[in-house]
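Laboratory data are not the source of any read-out in this text; all were calculated from the coordinates shown. Keep in mind that what you see is a predicted model, and the values were worked out from it rather than measured. Every residue, glycine among them, receives a Cβ derived from its backbone with ideal geometry; neighbour counts consider all protein chains shown.
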Amino acid sequence: MDFKNILADTAHKKSQVITAISEATKQEIIKYTDCDPDKVKVVPVAISDKYRCVPKDFNHSKPVILNIGMAPNKNLIRLIEAIEGLEVHLCIVGKLNDEYIAKLKSYNIEYSNAFGISDEEMIQKYIDCDLMAFVSTYEGFGMPILEAQATGRVVITSDVSSMPEVAGFGAHFIDPFEVSSIRTGILKVINDATYRDELIDKGFKNIQRYNPDRIAGMYEEIYHEVYRINNHKG
């Protein structure tokens, strides 16, 4: 007996409103349950005010590329293959296993690795990087996109799942299943300063959608809606 599925089935039937952190997540809820689509309200995750703009001159001689996460969907293998032969430094947050270390060595990638770090140390990773490559094959949301945008760093991310929705116009989009697409995107933002600045500016505009007060207001409206429904029934 699959108690997890039974619980999920019971929960959505008893709930008056279900919140999802992205439209992509909403569609998955609908796909895998018989949930009424009108019940599901999209309320994204708010960006912490700890992440603020810290200007940095782009390191043209050896840009630092930040990669966050080690789960299979984070797509590190393809990212490694994409930067083969490029004068870059790959900063990886997440504990590397033997497979990844061997891949990095075989492709002669200059890299650094950190894991189990504090929030302050994570913020510093964003500050120190020149661009963030968030080339996942799947995400329910993608908070690192917003954290990099808030810091003022150019973002390269995937054109699938929730990532276009979260990034808005403030990122260069690639096909995460094509190494050549990832490489082309990285070279584009490294070599085109005007394009880089445009993406960073659009990133600052995008994060306004994730202001904590705005997100709190969205939840407040849902609570009022539930109250109105129950009050009407009464």
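For residue 178 and residue 197, calculate 0.36 nm times their separation in residues minus their Cα-Cα distance, and state this gained length in nm to one decimal.
Details: separation 19, 0.36 × 19 = 6.84 nm, distance 2.54 nm.
Residue separation times 0.36 nm, minus the Cα-Cα distance, leaves 4.3 nm.
In the frame of its principal axes, the range 115-234 has Cα extents of 63, 32, 31 Å, reported largest first.
Using only the C-alpha atoms of the chain, find the volume of their convex hull and express it per residue in Å³.
Numbers: hull volume 34.3 nm³, N = 234.
Normalising the Cα hull of the chain by residue number yields 146 Å³.
With a cut-off of 13 Å on the backbone N, no residue of the range 142-166 is near the modelled label site 7 Å out from residue 77 along Cα-Cβ.
Under 19 Å from the Cα of residue 31, which aspartates and glutamates turn up, not counting those fewer than eight places away in the same chain? Leaving aside aspartates and glutamates fewer than 8 places away in the same chain, those within reach of residue 31 are 2, 9, 23, 139, 165.
Against the chain, whose longest principal axis comes from its Cα atoms, helix 23-32 is set at around 60 degrees.
Can you give the FRET efficiency for residue 106 and residue 54, using 1/(1 + (r/R0)^6), R0 = 30 Å, r = Cβ-Cβ distance, to the nearest 0.05? Each step should come with its number before you reach the end.
Working: r = 34 Å, r/R0 = 1.15.
Working from the Cβ atoms, E equals 0.30.
For the chain, what does -39500 (n - 2.57) per DSSP helix run (n ≥ 4), summed and divided by total residues, give at 222 nm, in deg cm²/dmol to the nearest 500? Roughly -14500 deg cm²/dmol at 222 nm, from the helical runs in the chain.
Once C-alpha pairs closer than 8 Å and six or more residues apart are averaged by separation and normalised to the residue number of the range 104-219, the relative contact order reads 22 percent.
Loop-located chymotrypsin sites (Phe, Trp or Tyr not before Pro) in the range 130-169 (DSSP state other than H, G, I, E, B) with a sparse environment of at most 15 neighbouring Cβ atoms within 10 Å: 169. With a cut-off of 11 Å on the backbone N, the residues of the range 159-183 near the modelled label site 7 Å out from residue 31 along Cα-Cβ are 161-162. Annotated for the range 75-234: lysine pairs at least 8 residues apart or interchain, Cα distance under 21 Å, count 4. Dividing the convex hull volume of the alpha-carbon atoms in the range 11-68 by its residue count gives 150 Å³ per residue.
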